[in-house]
Amino acid sequence: MSDSASKLGGELASDFGLPAEIAAMSFEDALAELEQIVRRLEAGQVRLDEAIKSYERGAQLKRHCETKLNEAQQRVDRIVIGPEGAIRAQPMKLD
């Protein structure tokens, strides 16, 4: 665990500054919760103080989802055949 996480009693996960609970979530679960937060905020169903807390949690969920997507993109490879017929994996560009 990083110094910043251990200084906070293990409440934060690694160097990303995310609560351990969020860092442990799957991409799908984090995205579903983020979508719920957005719906509640757009509908105006929460008081101001709760809206601020929801916004902050939504920002953390968004960062977690982006991290998960970046990790997945780095693992996606494309198989290519080189000029001499050698087969190799090349990182896929998903831009």
Please go through (1) more than 20 Å from the chain's Cα centre (by Cα); (2) modelled with pLDDT of 75 or more for residue 21 and return the number of the only condition it doesn't satisfy. (1)
Which pairs do you get when a residue that is touching a residue at least 40 places away in the same chain (Cβ under 8 Å) and surrounded by 12 or more Cβ atoms within 10 Å (Cβ to Cβ), found in segment 50-74, comes within reach of a residue that is in a helix (DSSP H, G or I) and β-branched (Val, Ile, Thr), reach meaning Cβ atoms under 8 angstrom, with the pair 6+ apart or on two chains? 60/22; 64/22
Yes/no for residue 5 being touching an Asp or Glu at 6+ places or on another chain (Cβ under 8 Å), surrounded by 14 or more Cβ atoms within 10 Å (Cβ to Cβ) and modelled with pLDDT under 95: yes
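The values are calculated or read from the model by the stated rules, or taken from the named source; none is laboratory data. Quick caveat, the model's predicted, so the values are computed rather than measured. Glycine also receives a Cβ, built like all others from the backbone with ideal geometry; neighbour counts cover every protein chain displayed.
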